[in-house]
Amino acid sequence: MNRRNVDSFTVTRQSYRPARWRYNDTAALGAAPFVRVEEAKMSVAVKGPVAVEDVNVTFDDQQKINKFARNTSRMTELKSEIEAKKKSLQNLQDASDDLMMLDDDSLLIPYQIGDVFVSHTQEETQEMLETAKEALEREVRGLEDQVSAIQQVLGDLKVQLYAKFGNNINLEADES
């Protein structure tokens, strides 16, 4: 090993080598998809024989992988939010349908605003339900636009990462 003295510090040539990385195919979503080869060798002893393939991962590659993980997580959150809003929209539609079935137009209908119930006529309540439905539909469309934009970014990142790493990387994103 080559050693040299630099301003009273002994520096070895090995300390300047870039770390060797390999793809961690057992990593959960959000975990580091790449680990140092030294760490991988330690985990092999615990988990049993695992094929270790050296992959040179640059800082830019790691940034792309991190961006892919963040966007996948965000897309999952947006999809669950869309499902919740669609369920609320269905509840509003059901309430609107039930309100149409009422025969008595003079009956006051309680409508919840925050934690308070306010009584309105059937016509006013129907208008409020329609307004709430339209607002929810706009929110759902906005969220779906965000999901499609994220899917475009994920598609671009997937192409770039597969071009660099080939089959050594497993990028699974729910694109349904």
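A short reminder: the numbers here are calculations on the coordinates, not readings from a lab. Predicted model, so just to flag it, every value in this text is computed and none were measured. With ideal geometry, Cβ positions are generated from the backbone for all residues, glycine too; neighbour counts draw on all protein chains shown.
A cut-off of 5 Å between modelled amide H atoms, ignoring neighbours fewer than 5 places along the same chain, links V118 with Y111, Q112, I113. With a threshold of 22 Å on the Cα-Cα distance, the over-threshold entries among K64/K164; K64/K85; K85/K133; K79/K133; K79/K158 are K64/K85.
For the range 87-111, backbone nitrogen atoms closer than 17 Å to the point 7 Å from A132 Cα along Cα-to-C-beta are found at 87-102, 108-111. Here the label points at K67 and S106, each 7 Å from Cα along the C-beta direction, are separated by 6.7 nm in the simple model.
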